[in-house]
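The values are calculated or read from the model by the stated rules, or taken from the named source; none is laboratory data. In this text, all values refer to a predicted model and were calculated from it rather than measured experimentally. Because the Cβ atoms are built from the backbone with ideal geometry, glycine has one as well, and the counts that use them run over all protein chains shown. Just the protein is used for accessible areas: all its heavy atoms, side chains included, with ligands, DNA and RNA removed. Shrake-Rupley method; radii C 1.70, N 1.55, O 1.52, S 1.80 Å.
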Amino acid sequence: MLTRYAPSPTGYLHLGHVVNAIYVWGLARAAGGRVVLRMEDHDRIRCRPEYEAGILEDLAWLGFVPDQGLHPLLRQSDRDAIYREALERLRHTHHVYACDCSRKRIAGEHYDGFCRTRGLTDGPGRGLRVQMDDGGDLLLRDRDGNWTYHFAVTVDDVQQRITHIIRGEDLLSSTERQLRLRRMLGVAAAPDYVHHPLVLKPNGEKLSKSAGDTGVRELRRAGLTPADVIGRAAAAVGLIGAARPVTADDVASLFLKPEP
Ligand SMILES: [Zn+2]
């Protein structure tokens, strides 16, 4: 079993990221598997080096250690050649085309294939899409030249031979498209998916990156220990009944059935 922890350096870690770390390390340790860390910095506009440094510092403070180490640190921004190669492979077997539609014109997640037959040339200000059987042609590279989340993450998971993808249930709706993209890239085997509950605000919204009172650094500054923070995150999604200290070394116990 090989899984990954893949934060985006677009903000600091909050309890939602801690929940994901509990599931990733907990399920991996419980099954004797390994964890790799991948910085998902495919969006060059929103990612910042200080967030990356902050994430690494917070993870070390919490005690979550990736098995492949941090040197070299695996970053999507260093993998341009790999994405280009995957794009070329995709072009051999599928219709990849340039698209200059604005977000406003598309209005929503489902793309209607407007540019499919326009024959636009690839260039600045134009994204790249791949035609999919049922429409909804997936964006591979956006109009700013960034590889998209769906494309980068799918190529990475294939190339790194990730066997288990453990992530929040907000990403459930993208699973089918990512599996289809894998098959289009010529990969028949599908990984196992685990979609876990999210920490929500009292009003039911997802936590944001600027979630002050749930930020790991804020909780640390308020005097909580790493085990306090992990315990609070585990309780927030019902992994334990009430918050109690849980160390990073002990998260596997949350997923092991008690001895009969
Ligand atoms: Zn278009």
TODO: Considering only segment 212-229, state which residues are in contact with a Pro (Cβ under 8 Å, 6 or more places away or on another chain) and assigned to a loop (DSSP other than H, G, I, E, B).
DONE: Thr225
- [ ] Being under 13 Å from Ser77 (Cα atoms) and among the acidic types (Asp, Glu) is the filter here, so list the residues in segment 1-50 that pass it.
- [x] Glu40, Asp41, Asp43
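Listed here are the residues, each with its yes/no results for (1) at pLDDT below 95; (2) of a type in the set (Ser, Thr, Tyr); (3) closer than 30 Å to Leu219 by Cα; (4) in a strand (DSSP E or B).
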| position | (1), (2), (3), (4) |
| --- | --- |
| Trp25 | no, no, yes, no |
| Leu37 | no, no, yes, yes |
| Cys47 | yes, no, yes, no |
| Glu52 | no, no, yes, no |
| Ile82 | no, no, no, no |
| Glu85 | no, no, no, no |
| Tyr97 | no, yes, no, yes |
| Arg129 | no, no, no, yes |
| Met132 | yes, no, no, no |
Open item on the list: Whether any residue in segment 167-178 is part of a helix (DSSP H, G or I), among the small types (Gly, Ala, Ser) and in contact with an Asp or Glu (Cβ under 7 Å, 6 or more places away or on another chain) is what I want to check.
Closed with: no
TODO: Filter segment 1-40 down to the residues that are more than 19 Å from Ile165 (Cβ to Cβ) and not small (Gly, Ala, Ser), then identify the one that is surrounded by the fewest Cβ atoms within 10 Å (Cβ to Cβ).
DONE: Thr10
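Quick grid of which residues meet (1) of a type in the set (D, E, K, R); (2) more than 16 Å from the ligand (Cβ to nearest atom); (3) open to solvent by 80 Å² or more (accessible area, probe 1.4 Å):
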{"site": "Arg91", "(1), (2), (3)": "yes, yes, yes"}
{"site": "Ser102", "(1), (2), (3)": "no, no, no"}
{"site": "His110", "(1), (2), (3)": "no, no, yes"}
{"site": "Gly119", "(1), (2), (3)": "no, no, no"}
{"site": "Gly125", "(1), (2), (3)": "no, no, no"}
{"site": "Asp133", "(1), (2), (3)": "yes, yes, yes"}
{"site": "Arg141", "(1), (2), (3)": "yes, no, no"}
Open item on the list: Return the residues of segment 151-205 that are among the acidic types (Asp, Glu) and open to solvent by less than 50 Å² (accessible area, probe 1.4 Å); say none if nothing qualifies.
Closed with: Asp156, Asp157
